[in-house]
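Accompanying notes for the structure given below.
Every number here is computed from the coordinates shown, using simple stated rules; none is lab data. Everything numeric here is computed off the predicted structure, so don't read it as measured data. Cβ atoms come from the backbone with ideal geometry, glycine included; neighbour counts cover every protein chain shown.
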Amino acid sequence: MTNNDKSLSFFEPLLEFVKNNDGYIHPSLILNPQSSYSKCRGIETTSFLKKDELLIRIPLKIVINGEIFGDNDGTESNTMSPWLRCVIILIKILFDSSYKKDDEFFSSFLASLPTFYETITMSWSKEDLNFLQGTTLGRIALLDREERTTRKRFDEQVATILEVTFDDFLVASACVSTRGFNCYHQQKPSSDMNGPFLIPFVDLINHGLKEATNTSLQYDDQKNAFYMVADDNIKAGEEILHSYGDLTSCQLLQTFGFIPRHHISRLLQNDTHCYHNLTSALISRQTIIKACATVAEEYSFSSFHQHDEQWNLKNEWDKKVQFIEKYIPEQFLVTTDTCEIITCCTILFLPDENAIRELFPEEEVFTLLEESVILQDVFLGIHTCQTIIHLINEKQKSYTTECIEKDKSLVRNLLNHQGKTHKKKQIEGLVIQLEEKMSLVSFRKKICSFLQTLLNDNNYDCEEFDNECKRRKQL
């Protein structure tokens, strides 16, 4: 939930709005301006709640989404995404004076919405984006500003049917992104009924890590209502939490405008579990092709293993590049099992087009190569490993620093100086950089292990190989 200092006076009218429209809120649920788990505004219980006890029921009739208003409101339901239709309906309710729904029907709910959203689009300046230097999220945000992608979307899809400002569109978009829920509807499994839904009261519940959550959102087809029950016994004073999804820090920051403090502490404590869901770096296909060309031309290890079968790595280069461009996506995320990079390098370092046909006999059934292909040929494997190591080393240079421990130390210092000196955006930027770098380092360790196995299995002197690498790097 996006936090702000808005008054809590909306809470009682919101409870009345839900109850007066056949909804239910457990009487022990209160709004705490400084909740126990999230350390911001959140819902807590004042009494013990048993497992499976009903906490909340919100009827569909007081939920805002893109379908419930029908197809005659100018939302062009057949061509717009459910998300955009929900945004347009919210714009109408918030800003279009000519649009009324039961005489300000949603006023109590609207009063509970934030007055400010901490999303990158709404609150990050171009200077703030420097904190995301080198990251995929930073690149996306800069491109959006430079190419005016969001503005074009507004001009083409919203301004043509509504007389509202671009700022109105940004506010509604931020609201739907940060507070909208998706929930599968069994009776009517259309994409529209999956969401997003703006659900009164439920949107006040904060996100928690999987092990901390104590409730989840469900839909009752018989009663046409969303509901939440206690997934476990909940003690008095505990915060009610549910999961926004098993998301990375990048996904949470991009969509909801925050990174949970538990993600940050996990990184700083060197918790091995933090490698489970790190933000991944984005690598382009063209970058891999360029890295392979560099290794083939400047760092070739042909002379190092003269007795092995070898070939001219640049042979039929253009044909191999064309094959890659046909089957490998332009961009992909680097994880510890990124087979796209291995597949790209292997294809580019094959002897010729015939070798490609031998490895991929049925082009129409193209599949990525598994990691084990690296170990099947020492000449091919060494060059593939060295290319990936070179690629990762170059990628790390794009961040503010290359040193993970230095970044961690800076985050600790910033966290220890709360208040006026506390720089939330700088911390969030450093966390995204840290996670990407840790993801890259994890992948590089795996490739180095493959390289070590190759050298050992083929009786190469590892120290001599390291010296050869250093010598060629200096050339």
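Descriptive notes on the structure:
- By definition, a body whose alpha carbon gyration tensor gives a ≥ b ≥ c is oblate when a/c is 1.5 or more and a/b is not larger than b/c, and the stretch 110-268 fits this oblate description.
- Considering only the chain, percent of DSSP beta bridges that pair antiparallel, nearest 5: 95 percent
- Each Lys and Arg adds +1 at its Cβ and each Asp and Glu adds -1 at its Cβ; summed about the Cα centre, the stretch 11-257 shows a dipole of about 300 debye.
- Nearest-ten-degree value, helix 404-415 long axis tilted from longest Cα axis of the chain: 20 degrees
- Exposure proxy ranking, count of Cβ atoms within 10 Å, fewest first, for Leu31, Leu348: Leu31, Leu348
- Normalised radius of gyration (Cα atoms, divided by 2.2 N^0.38 Å) for the stretch 281-474: 1.18.
- Nearest-ten-degree value, helix 82-95 long axis tilted from longest Cα axis of the chain: 40 degrees
- Full extension of the chain segment joining Asn224 with Asp22 gains 71.6 nm, where the gain is 0.36 nm per residue of separation less the Cα-Cα distance.
- Degrees, to the nearest 10: 285-298 long Cα axis against longest axis of the chain: 20 degrees
- The residues neighbouring Ile388, those whose beta-carbon lies less than 10 Å from its own, together hold a net charge of +2 under the Lys/Arg +1, Asp/Glu -1 convention.
- Classification of the stretch 11-257 by its C-alpha gyration tensor yields an oblate form. The axis ratio a/c (a ≥ b ≥ c) is 1.5 or more, and b/c is at least a/b.
- Order of His207, His383, His390, His417 - criterion: other Cβ atoms within 10 Å of each residue's Cβ, fewest first: His417, His390, His207, His383
- Mean Cβ neighbour count within 10 Å, used as a protection proxy, ranking 241-251, 402-412 highest first: 241-251, 402-412
- Net charge of neighbours whose Cβ lies under 13 Å from the Cβ of Trp317, counting Lys and Arg as +1 and Asp and Glu as -1: -2
- Modelled label positions at Ile140 and Asn277, each set 7 Å beyond Cα in the direction of Cβ, lie 1.6 nm from each other.
- Electrostatic dipole magnitude of the chain [Cβ: Lys, Arg +1; Asp, Glu -1; Cα centre; debye, to 20]: 1640 debye
- Here the peptides 15-28, 112-125 are ranked by packing, the mean other Cβ count within 10 Å, and the order with the highest first is 112-125, 15-28.
- What the Cα atoms of the stretch 315-358 give is an Rg and a Dmax of 10.9, 30 Å.
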